[in-house]
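Written below as structure tokens is the structure these notes are about.
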């Protein structure tokens, strides 16, 4: 039996493509994890998966006598490991408890377990609600106009926008804290049942949410007014530039016509002088005798 366990694999027997050894899986997780972190926890493309496959195949201890792994096989294996990680994580958090015997759990947990967003979106900070309700962040994204991609001086506009958002966020947070303290005191001193407290809390939560929506609507309205003023100033500036351009073109055309007319006048004078000189010469040739002979 012991000799049977150490017998080398028969090359005539085909291997299963979905059968991965511990060494291959370890090399795969290392190669995939490095590129996953380099891409800021983004999705790998085909060239990245090919690099992962090359790294797995370069480990002789991992690959052994098996055929080289392809990029598709590596991707499918990573998907399988992710599914198994989710199952193990659900078993732990779902009340199963105990320790995880799977050797790759800690490595996958470090990669995909506690993941923080790379670039959090800009939004108004909202007060904490006990019922878990929160405002949709899509409304904050709608405050950004579509024309913001154009090239224009908006440093002053952004500064005003940030101050408005800060004031609205501070007001909303202060109102939320005051209302939460009032709810807490009423819950402690009220002799009513849990149903009445829950209904009051629901109504107050709805009121806080509507107040937050109104504050956000005011901020968006102010931003729209500011954007409209910027666009109006931009259009006025364009009109003034166009007016100056037309005046300059008109002045240049007038100067050109003036130069042309002066040239025509000078040419006419030169022609008259030539004709007068030619007439004088003709009179002198017509009378060869001096005037004293006829006297």
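The values are calculated or read from the model by the stated rules, or taken from the named source; none is laboratory data. These numbers were taken from a predicted model, which means no experiment stands behind them. FYI the Cβ positions are ideal-geometry reconstructions off the backbone, even for glycines, and counts take in every protein chain you see.
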Residue, modelled with the lowest pLDDT, within the range 46-75, restricted to residues that are surrounded by 14 or more Cβ atoms within 10 Å (Cβ to Cβ) and out of contact with any helix residue (DSSP H, G or I) (no Cβ under 7 Å at 6 or more places or on another chain):
66
Applying the selection to the range 18-40, what residues are within 38 Å of the chain's Cα centre (by Cα) and not in a helix (DSSP H, G or I)?
39, 40
Failed criterion for residue 236 (all others in (1) modelled with pLDDT under 75; (2) in a helix (DSSP H, G or I) hold):
(1)
